[in-house]
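One structure below.
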Amino acid sequence: MDTTHYDFDQELDRRGTNSLKWEFFLESDAVGRRLYTEAAFGADRMLPMWVADMDFPAPQPVVDAVLRRAAHPIYGYAVPDPDYYAAVCGWMQRRHGWAVDPDWIVVSPGVVPALYMLVRAFCRPGEKVLIQPPVYPPFFSAVLHNDAVVAANPLIHDGGRYRMDFADLEAKLADPAVKLAILCSPHNPVGRVWTAEELRRFGELCLAHGVVVVADEIHGDLALPGHRFVPFASLGDELAQNTVVCTAPSKTFNLAGLKTANLIVPNPELRQQVVRAYVRSGFFGANPIGLAAARAAYTCGEAWLDQVLAYLDGNRRALEAFAAERLPQIAVTPLEGTYLAWLDCRGLGLDPAALKRLWVEGARVYPEMGTSFGAEGEGFVRLNIACPRPLLMEALARLEAAVNGRQPAACAGAEA
Ligand SMILES: Cc1ncc(COP(=O)(O)O)c(C=O)c1O
């Protein structure tokens, strides 16, 4: 049992670690290609609050497991062993009350590559994939890069909170060209932890129209206090048999760089299709360091996760309090899960380019602009709050100063 008390207030310098979040920023060129440009660190260093990556040290048992594995100087091909599968199943049972059979698990180098392969596996060119914008950008690109077509079922923004539009969902699913529906649960970027009732309704409509569900549950362990994540495939065998679940320890424990995820596919026929898609793409085996880290996280990471969730909830409260008092033009969407706050900035009255300038040039804070998540995101910004609280407060103070046309007051620790 891990009895470490973690100090998440402590800032760790990530420079020199190839950190995408801190050392590179994402820009698009005129034709929409994604370009990673080197970040400029200076006296007014940019605070990166974009990609879903936490600035916290991993659980000590994970660090120990990685060091132990790395100490063996041979890094050849690796495949998961029974202990690995047992760790994944044990986690799902203990943490979410979901009984997973080890045979259902297909290891994957990530959830995003899985989404791409699943679109290829289940859709012929021109067929459609239903998604619910505003939503994680690779949901769009997985469809478009594989010659399929997006069937959008936008979420309804209702009094600041989001809900699914079931009437529109039913109409969209009735189109026989729709073969696949990608569910984001919990939802990135709107922060909803869907209830069992919402999930069941979504699943039953997909089942009724013969549409396979891909449940991207990568944020499933990150339900904040007061909210309970329900694994989609735990809602009964009928829904489970129609579902490919995508899960990973990578958001939960911030292990994304280790490229280790798991698809959980209870239906043997769907599983065979998934495995065939992997074979066709040439994927085989797994990263040995990733396997060691995932196994340690899923067996010994619970105490760390409980501390992280409490800390993230504190950051959520700090953000909400700051916005209510000092940034009344910005409405914080209630954050039920994930560490990605969805800020409604429409009260600032700025067009997308001016909104970006305000954040990036004015405040020197680098968020993810809402338009990356679909047209529904216009006027919104996604802010990653998984950072030491002093850093979050510095970012908010800079933003307040930029909104009010002032120079931000010098903050302790703001030097490069
Ligand atoms: C909904 C969702 N799916 C997938 C991913 C990334 O998955 P991976 O790093 O395993 O490719 C993210 C990362 O933010 C995400 O938010």
Overall form of segment 201-340 per C-alpha gyration tensor (a/c, 1.5; a/b vs b/c) = oblate
State, to one decimal in nm, how far the label point of Tyr77 lies from the label point of Asp158, with both points 7 Å from Cα in the Cβ direction.
-> 5.2 nm
Do you know the relative contact order of segment 60-300, to the nearest whole percent, from alpha carbon pairs under 8 angstrom that are 6+ apart?
-> 28 percent
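Can you tell me how segment 60-300 classifies by the Cα gyration tensor, rounded, prolate or oblate, using a/c under 1.5 as the rounded cut?
Prolate, because a/c is 1.5 or more and a/b exceeds b/c.
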For the chain, give the share of DSSP beta bridges that are antiparallel, in percent and rounded to the nearest 5; count only bridges with both residues there.
-> 60 percent
Starting from the Cα-Cα distance between Asp237 and Ala321, subtract it from 0.36 nm times their residue separation and give me the gain in nm to one decimal.
-> 26.0 nm
For Ala248, which sequence-distant residues (separation of 5 or more, or a different chain) have an amide H within less than 5 Å of its own amide H, given hydrogens modelled in the peptide plane?
-> Asn262
Near the amide H of Val214, under 5 Å away, which other amide H atoms are found, from residues 5 or more places off or on another chain, if H is placed in the peptide plane?
-> Ala181, Ile182, Leu183, Val244
Of all DSSP beta bridges having both residues in segment 60-300, the percent classed as antiparallel (nearest 5) is 40 percent
Peptides 93-99, 181-187, 271-277, 51-57 ordered by average Cβ neighbours within 10 Å, highest first = 181-187, 51-57, 271-277, 93-99
Once all Cα-Cα distances of the chain are split into 20 Å bins that start at 0, what whole-number percent is in each one?
-> 26, 59, 15, 0
Using alpha carbon centers only, segment 377-405 is separated from segment 254-286 by a whole-angstrom value of 37 Å
Relative contact order, percent, the chain [alpha-carbon distance under 8 Å, six or more residues apart] = 23 percent
At what distance in nm do the modelled label points of Asp313 and Ala86 sit from each other, each positioned 7 Å from its Cα along Cα→Cβ?
-> 3.2 nm
Per residue and in Å³, how big is the convex hull formed by the alpha-carbon atoms of segment 237-278?
-> 67 Å³
For segment 238-301 the chymotrypsin sites (Phe, Trp or Tyr not before Pro) that pass both the DSSP coil test and the at-most-11 other-Cβ-within-10 Å test are Phe284
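Throughout, read-outs are computed from the coordinates displayed, never taken from laboratory work. Because the structure is predicted, anything quoted here is derived from the model rather than measured. Neighbour counts are summed over all protein chains in view; Cβ atoms, including those assigned to glycine, are modelled from backbone coordinates with ideal geometry.
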